[in-house]
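Enquirer: Before we start, here is the structure in question, set down as structure tokens.
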Amino acid sequence: MTKLEPGSFLAELTTVERDDLTARGRERRYERGELLCMEGESSTAVAVLLEGRVKAYSFIEQGGQVLLAVRGPGALIGEVAAIDEKPHSASVAALETARAIILSRASFMDFLQANGRVSVVILRTLCRLWREADSQRVELGRFDATSRVAARLVELAERFGAPYEDPTAMKSDGIRITLNLSQEELAGWVGASREAVSKALSTLRRHGWIETGRRRVIVYDLQALRDQTRSENTGIYLADT
């Protein structure tokens, strides 16, 4: 198993709880773009991500998608629909080759009944996700597109980044983010147009804070990106000014 995200559902389980969970389910492999669950459909199963990353998204009336979140190894997927017996509120698809433990809804509920502590783990996980969602809603009202893009890059660097050493030695070492997200998906995530996101990335590149390539970003100054969404007086620092 690849390294689990700290604070993720599976990372919070004990060895005994993990073994019980695994015994009740089956492992399945997903290719990039393959759905783990579909918005509007009734819940029949719950997934626990072992490897790879997935995106949660929702369709909009005008066409296209709004990216809601990116989840990594250890994430629990579909638990809300399984618990409240309502349709899925979002779709989840693999961003890359992924593996997950799949449990039927009945098996998942039996697992919770047999392991009472796990319900508290789920509550803590959901509280963290709700806080993240609230924070992003605040960003949408307070920050410009450049600041919101910077905030998402900080999140991705901290969660999925790997050390990067510049082979030309022209720049300081950085953090490499390799993730199959298009500019359209990033735009949906930050609540901006593709053109605004392209301009924001150009601004961050011009300052030397990042370098971009095909579905990858190298962050050279993580603190500068953090400062982009932080100011002692207003909470907003505009690098363009």
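Enquirer: If you go through region 39-79 one residue at a time, how many are open to solvent by 40 Å² or more (accessible area, probe 1.4 Å) and in a strand (DSSP E or B)?
Expert: Here the count works out to 6.
Enquirer: Based on what the data block shows, is Ser182 polar (S, T, N, Q), farther than 17 Å from Ile210 by Cβ and within 18 Å of the chain's Cα centre (by Cα)?
Expert: no
Enquirer: In addition: Out of Arg152, Arg124, report the one residue that is within 19 Å of Ala75 (Cβ to Cβ) and open to solvent by 50 Å² or more (accessible area, probe 1.4 Å).
Expert: Arg124
Enquirer: Restricted to region 23-38, and to residues that are open to solvent by 40 Å² or more (accessible area, probe 1.4 Å) and among the small types (Gly, Ala, Ser), which residue is farthest from Leu76 (Cα to Cα)?
Expert: Applying the filter and picking the extreme gives Gly33.
Enquirer: Please go through region 190-219 and pick out each residue that is in a loop (DSSP other than H, G, I, E, B) and either surrounded by fewer than 20 Cβ atoms within 10 Å (Cβ to Cβ) or under 19 Å from the mean Cα position of the chain (by Cα) (or both).
Expert: Gly191, Ala192, Ser193, His207, Gly208, Arg214, Arg215
Enquirer: Further question: For Tyr237, indicate whether it is of a type in the set (Phe, Trp, Tyr) and modelled with pLDDT of 85 or more.
Expert: No, not satisfied.
Enquirer: Which of the residues spanning region 139-184 are among the acidic types (Asp, Glu) and not in a helix (DSSP H, G or I)?
Expert: Passing the criteria: Asp144, Glu165, Asp166, Asp173.
Enquirer: Can you run down the residue pairs with Cβ atoms below 6 Å, 6 or more apart or on separate chains, where the first is in region 193-207 and in contact (Cβ under 8 Å) with a residue 12 or more places away in the chain and the partner is open to solvent by 30 Å² or more (accessible area, probe 1.4 Å)?
Expert: Close Cβ pairs (under 6 Å, with a partner that is open to solvent by 30 Å² or more (accessible area, probe 1.4 Å)) amount to Val197/Gln183; Leu201/Thr212; Thr203/Asp240.
Enquirer: Test each condition in (1) of a type in the set (Asp, Glu); (2) without any contact (Cβ under 8 Å) to a residue 60 or more places away in the chain; (3) open to solvent by less than 50 Å² (accessible area, probe 1.4 Å) for Asp20 and report the one that comes out false.
Expert: The number of the failed condition is (2).
Enquirer: Is there any pair with a first residue in region 86-104 that is outside the structural domain of Asp20 (by the TED database) and buried (at least 18 other Cβ atoms within 10 Å of the Cβ) and a second that is modelled with pLDDT of 95 or more and not small (Gly, Ala, Ser) whose Cβ atoms are under 9 Å apart and which are 6 or more apart or on different chains, and what are they?
Expert: Nothing qualifies.
Enquirer: Can you list residue pairs whose Cβ atoms sit under 6 Å apart, with the first residue in region 214-226 being not assigned by the TED database to the domain that holds Glu158 and of a type in the set (Gly, Ala, Ser) and the second being open to solvent by 30 Å² or more (accessible area, probe 1.4 Å) and outside any strand (DSSP E or B)? Count only pairs 6 or more apart in sequence or on different chains.
Expert: none
Enquirer: When only residues in region 1-17 that are open to solvent by 30 Å² or more (accessible area, probe 1.4 Å) and of a type in the set (A, V, I, L, M, F, W, C) count, which is farthest from Arg124 (Cα to Cα)?
Expert: Result: Met1.
Enquirer: Take the residues of region 19-39 that are of a type in the set (Lys, Arg) and closer than 13 Å to Leu95 by Cα: which is modelled with the highest pLDDT?
Expert: Going through the qualifying residues, I end up with Arg29.
The values are calculated or read from the model by the stated rules, or taken from the named source; none is laboratory data. Here the structure is a predicted model, which means the values were calculated and not measured. All Cβ positions, even for glycine, are placed from backbone atoms using ideal geometry, and neighbour counts span all protein chains on display. Ligands, DNA and RNA are excluded from the accessible area calculation, which covers all protein heavy atoms including side chains. Shrake-Rupley method; radii C 1.70, N 1.55, O 1.52, S 1.80 Å.
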